[in-house]
Amino acid sequence: MITLEGVTKIFNQGRHNEVAAVRGVDLTIEDGRVTVLRGPSGSGKTTLLTIVGCLARPTTGRVRIDGEMVSGLPERFLTEVRRRTFGFVFQKFNLIRGLSALDNVVLPALPLGRTHRPLIERAQALLDHFGLADRAGLVVEHLSGGEAQRVAIARAMINDPAVIIADEPTASLDGERVAQFLAIAEDLKRSGKTVLITSHDPRITEAGLVDRLVTMADGRIVEAAP
Amino acid sequence: MRAALERRRHLLDFAVRSLARRPAKNLGLTAIYALIVFVVGSVMLYGAAIRREATAILASGPEIAAQAMTMGRHEMSRDADVAALKGLRGVRRIEPRLWGYLWDSAGAANYTLMVPPASDGAHAVAKGEAIVGEGVARARKLAPGKMLFLVSPAGKFLKTRVKAVLSSESALVSSDLVLVEESDFRAFFDLPPGVWTDVAITVTNPREVGTVAEKAALKLPGHRFVTRSDMARTAEALFSWREGLTLALVAGAILAFALLAFDKASGLSAEEKREIGILKAIGWETRDVIAAKLFEGGLISGLAFLVGVVAAWIHVFFFSAGLFEPVLKGWATLYPRFPLAPTLDALELATLGMLTVLPYMAAILVPVWRTASADPDAVMR
């Protein structure tokens, strides 16, 4: 379970262009459930997502993962928490250009020092699972948007994290690809993963698999249901 | 242990793949880098080789050379001078020497004609015989048994049969040497008996060289006494100065490369920063990112260093440093051309590495460390 207590995030603090992206958020994200953060652009949902995923530190407030406070951890330990706990699917997928799909999938596992062959086999199995067996050797620039997203999901899962975080996963996908993503999210939920998604796409927010819908506006949570 | 090795292997693999993504840029950088190593390496290897040769010359030369001087110019010494030096305390041997230079227009080379000292039995020559250096043999296409004809500036002929060719172990010592018998030498240069080019003094205790030179100067105030350390200092000053001058001349190129390296490394592009942010976001630690980037830099600098050093070595020892020879030798240009004895010194390599590889690696490390130690979100934004 991930708990946020009084979390704020202020960019450019003390400067003329200071922006408070998140203001005093309290939130609990329960294990094994699909939580969706929704809200208009600039509402602070992506910033909150980065704080939950330990990609950024809150300016004030606390973040706890299974009771352990992580928001004050030094960088090295925070990386360890991030690596152990989260898999990220970024809005623009953030695949490394020039590398193949397979190379991108194995990236999060490289510093763990796993044996080469089992690692490649697992990456290949994930790509197979997402229907990308024949695309494994392709440089990622040559993949379609939907394929790139599935590579990003495979990459997020390579270390078998407990929480999958997806930022605006359907922003650039057509209807068929959105359905494909929802199927994958359903599959993740069934396998016991916690899924946290930001989206203002009704095809996501109104999907049956969503367990909790959190609405943000102007850096604050204005509604959380249930 | 196994995991640590696998981690390194994975990071190295990643570095190779990463470099392969921009082949033209990285090959271009490696080529320029190798060129800089080649230039600096050539100057350093050449300077070091010359110094080694100079050391060899001095080791084979006298501990003190006494030369008669008139109005600051070198004059011939007389038998009386030699006699005056005999009996000095601390002197083991006094040997008057005969040597001189000859410009050989046929071979377009300057030779040193010398009478081998009596104490050097290995190089003794009989009348009508000569032992020649490797450079002379090359210039005049000589071999043992062949005839060597020389003409003095006064038009006198010297006809000798080549007894042997000196080995090229230390070419600078012997390349331009022609060893002849004393009467041949005197006849060729029209020298009367009882005069000598200079006098070689060997002392009993090498630590007493300075004292012996001082005592000898009191006996022969019209002579100068040049010690081996004086000559070593002169050679060092001459070649170090030239080496420094050459490095200063190429400093512009080195500086340009340093700027290029710094720009390449420090000016991490938005794309490179974003990639570091992605790697951090997906679970790489700062040290993983730094290790991968150092592997990349190490591969480029290692390859460039290897290519540059090998090219410099071939350039210096097989092509006589043709590109820098005029600058490095200057007026001291030696004829005939002499090949330097090929050697490679670990200290020279380490110095070259410190001058070329370390700055590049440092220029990579600092900006990567700064980027990688920030929060991934801040880097990716």
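Each Cα pair under 8 Å and six or more residues apart adds its separation to the average, and for chain A the resulting relative contact order is 29 percent.
The fewest-to-most ranking of B:Leu58, B:Leu5 by surrounding Cβ atoms within 10 Å reads B:Leu5, B:Leu58. Kirkwood hydrodynamic radius of chain B from all distinct Cα pairs, in Å? By the Kirkwood definition, the hydrodynamic radius is 25.2 Å.
Averaging the Cα positions of each part gives two centres, and for segment B:121-167 and segment A:164-219 these lie 95 Å apart. List the lysines whose Cα lies under 27 Å from the Cα of B:Lys156, skipping any in the same chain that are fewer than 8 positions away. Qualifying lysines at Cα under 27 Å: B:Lys127, B:Lys141, B:Lys146. If you run the Gaussian network model on chain A, springs between alpha carbon atoms under 10 Å, then out of A:Asp201, A:Asp31, A:Asp66 the most flexible one is A:Asp66. Mean-square fluctuations from a GNM of chain B, with a 10 angstrom spring cutoff on Cα atoms, peak among B:Arg207, B:Arg274, B:Arg51 at B:Arg207. Only beta bridges with both residues in chain A are counted; by DSSP, about 55 percent of them are antiparallel. Shape class of segment A:67-176 from the Cα gyration tensor (axes a ≥ b ≥ c, square roots of the eigenvalues): oblate, since a/c reaches 1.5 or more and a/b does not exceed b/c.
Summary of the geometry: segment A:1-77 and segment A:90-126, compared by the centres of their Cα atoms, lie 27 Å apart. Count Lys and Arg as plus one, Asp and Glu as minus one, and take only other residues whose Cβ is under 14 Å from that of A:Ile221; the net charge is then +2. If both residues of a DSSP beta bridge must be in the protein assembly as shown, then about 70% of such bridges are antiparallel.
Residues considered: A:Ala179, A:Ala101, A:Ala156. Largest GNM mean-square fluctuation over chain A, using C-alpha springs under 10 Å, is found at A:Ala179. Using C-alpha pairs under 8 Å with a sequence gap of at least 6, the mean separation divided by the residue count of chain B gives a relative contact order of 28 percent.
Classified by the C-alpha gyration tensor, segment B:140-214 has an oblate form. Its axis ratio a/c, with a ≥ b ≥ c, is 1.5 or above, and a/b does not exceed b/c. Taking 17 Å as the straight-line reach from the Cα of B:Lys25, the aspartates and glutamates in range (excluding those fewer than 8 positions away in the same chain) are B:Asp263, B:Glu271, B:Glu272, B:Glu296.
When A:His200, A:His142, A:His16, B:His123 are arranged by Cβ crowding within 10 Å, least crowded first, meaning fewest neighbours, the order is A:His16, A:His142, B:His123, A:His200. Find the centroid of the Cα atoms in segment B:350-381 and in segment B:1-43, then give the distance between the two in whole Å. So the separation of the two Cα centres works out to 14 Å.
In the protein assembly as shown, the calculated helix contribution to ellipticity at 222 nm averages -15000 deg cm²/dmol per residue, counting -39,500 (n - 2.57) for every DSSP H run with n ≥ 4.
Over the protein assembly as shown, the alpha carbon radius of gyration divided by the compact-protein estimate 2.2 N^0.38 Å works out to 1.57.
Residue order for A:Arg33, A:Arg155, fewest other beta carbons within 10 angstrom first, comes to A:Arg33, A:Arg155.
Which of rounded, prolate or oblate describes chain A when judged by the alpha-carbon gyration tensor and an a/c cut-off of 1.5? Prolate.
Rule-based calculations on the coordinates, nothing more; no lab input. Everything numeric in this text was worked out from a predicted model, so none of it was measured. Virtual Cβ from ideal backbone geometry, glycine too; neighbours counted across all protein chains shown.
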